[in-house]
Amino acid sequence: MMRILVTGATGTLGQQVVPALLAAGHDVVRMSRRAAPDAGWRQADLATGEGLDGAVQDVDAIAHLASSPYKGKYTQQTDVDGTQRLRDAARRAGVGHLLFASIVGIDDIPWKFFRQKLAGEELVRDGVPWSIVRATQFHPAIDMVLSGAARLPLMPVPSKVPGQPVDPAVVARAIAENLAAGPSKQITNICGPEVLTFKELTTAWLEARGRRRPQFPLHVPGALGKAFRAGALTLPDHPTEGPTWQDWLNQ
């Protein structure tokens, strides 16, 4: 049994990782910017560093899941600067393992948020025992994007862009296994069981939700679009067993 600090414990992935760690018999401490409601929580802020030294005390490992995508300056403060602050606090406290949750494709996609996640990875690899778990697109995240797009009279769909959706519970189990195994100093990729274009994902979503919306192909320009269309978001040779997109929609 280990005592494991989890950042981002209330997020999509964190809500799966915490029960997976508890089921494995670990003592889980959740980190939050808000006041800790009980002994299972510690208050600390990645964006300012306040409380981090106290949060990492007496823990064996850290699952760093917190992220603030698409929030401009705050993304830099949380995902990059905050990761550095957490790493430094972990090093001072002698934490034995820092696991960083990241994203498949960040090496090859010229997108600011992906560059920030890559910078976070580089920080984690410098100075503490580490592991990195990269994942493809979460089913709930795709569902959220399509729900927003369906509010429009015409649904914009990057139809030629392939994705490889994965269930967050599958990623959570991989994270729990990585933590149990100890710092690998390697990147583990967890990808969905199948590759589908976003047109296929959208068509299946509309049918499952009983919705009718005309789609129009959205062309993503430049190097970003080229990387998307080339399949940088996917690793077809690394499928992981688990629910397919259709399985998840049918739940």
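The values are calculated or read from the model by the stated rules, or taken from the named source; none is laboratory data. Quick caveat: nothing in here was measured; it's all calculated off a predicted structure. Quick reminder, even Gly has a Cβ in these numbers, built from the backbone with ideal geometry, and neighbours come from all protein chains shown. Calculation scope for accessible area: heavy atoms of the full protein, side chains included, ligands and nucleic acids excluded. Shrake-Rupley method; radii C 1.70, N 1.55, O 1.52, S 1.80 Å.
Of all residues in region 167-190, none satisfies being more than 25 Å from Leu65 (Cα to Cα), of a type in the set (Val, Ile, Thr) and either touching a Lys or Arg at 6+ places or on another chain (Cβ under 6 Å) or surrounded by fewer than 21 Cβ atoms within 10 Å (Cβ to Cβ) (or both).
Scanning region 18-59 for residues that are over 19 Å from Val80 (Cα atoms), in a helix (DSSP H, G or I), touching a residue at least 24 places away in the same chain (Cβ under 8 Å) and touching a strand residue (DSSP E or B) at 6+ places or on another chain (Cβ under 6 Å) gives a single hit, Leu21.
Among the residues of region 1-19, those that are of a type outside the set (Ser, Thr, Tyr) and crowded, with 20+ Cβ neighbours inside 10 Å comprise Ile4, Leu5, Val6, Gly8, Ala9, Leu13, Gly14, Gln16, Val17, Val18.
The residues of region 32-58 that are in contact with a Ser or Thr (Cβ under 7 Å, 6 or more places away or on another chain) and of a type outside the set (S, T, N, Q), listed by number, are Trp41, Leu46, Ala47. Would you be able to say whether some residue in region 100-117 is open to solvent by 30 Å² or more (accessible area, probe 1.4 Å), under 17 Å from Lys185 (Cβ atoms) and touching a residue at least 24 places away in the same chain (Cβ under 8 Å)? No, because not a single residue in region 100-117 is open to solvent by 30 Å² or more (accessible area, probe 1.4 Å), under 17 Å from Lys185 (Cβ atoms) and touching a residue at least 24 places away in the same chain (Cβ under 8 Å). Set side by side, the residues Leu206, Leu218, Leu249, Leu233 differ, and just one is touching a residue at least 24 places away in the same chain (Cβ under 8 Å), closer than 14 Å to Val161 by Cα and open to solvent by less than 70 Å² (accessible area, probe 1.4 Å), which is Leu233. Whether any residue in region 191-202 is under 20 Å from the mean Cα position of the chain (by Cα) and touching a residue at least 60 places away in the same chain (Cβ under 8 Å) is what I want to check. Looking for residues that are under 20 Å from the mean Cα position of the chain (by Cα) and touching a residue at least 60 places away in the same chain (Cβ under 8 Å), one finds at least one in region 191-202, hence yes. On the stretch given as region 125-137, residues that are surrounded by fewer than 22 Cβ atoms within 10 Å (Cβ to Cβ) and in contact (Cβ under 8 Å) with a residue 60 or more places away in the chain total 1. Please verify whether region 173-184 includes one or more residues that are modelled with pLDDT of 95 or more, assigned to a loop (DSSP other than H, G, I, E, B) and farther than 30 Å from Leu5 by Cα. No.
This table checks each residue for (1) modelled with pLDDT of 95 or more; (2) under 22 Å from Gln116 (Cβ atoms).
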residue	(1), (2)
Met2	yes, no
Gly11	no, yes
Leu21	yes, no
Val29	yes, no
Asp53	yes, no
Ile62	yes, yes
Gln77	no, yes
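So that you can scan it fast, the table gives a plain yes or no per residue for (1) under 25 Å from Gly25 (Cα atoms); (2) surrounded by fewer than 24 Cβ atoms within 10 Å (Cβ to Cβ):
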position: Arg42; (1), (2): yes, yes
position: Glu50; (1), (2): no, yes
position: Gly54; (1), (2): yes, yes
position: Tyr70; (1), (2): no, yes
position: Tyr74; (1), (2): no, yes
position: Asp81; (1), (2): no, yes
position: Ala89; (1), (2): no, yes
position: Leu98; (1), (2): yes, no
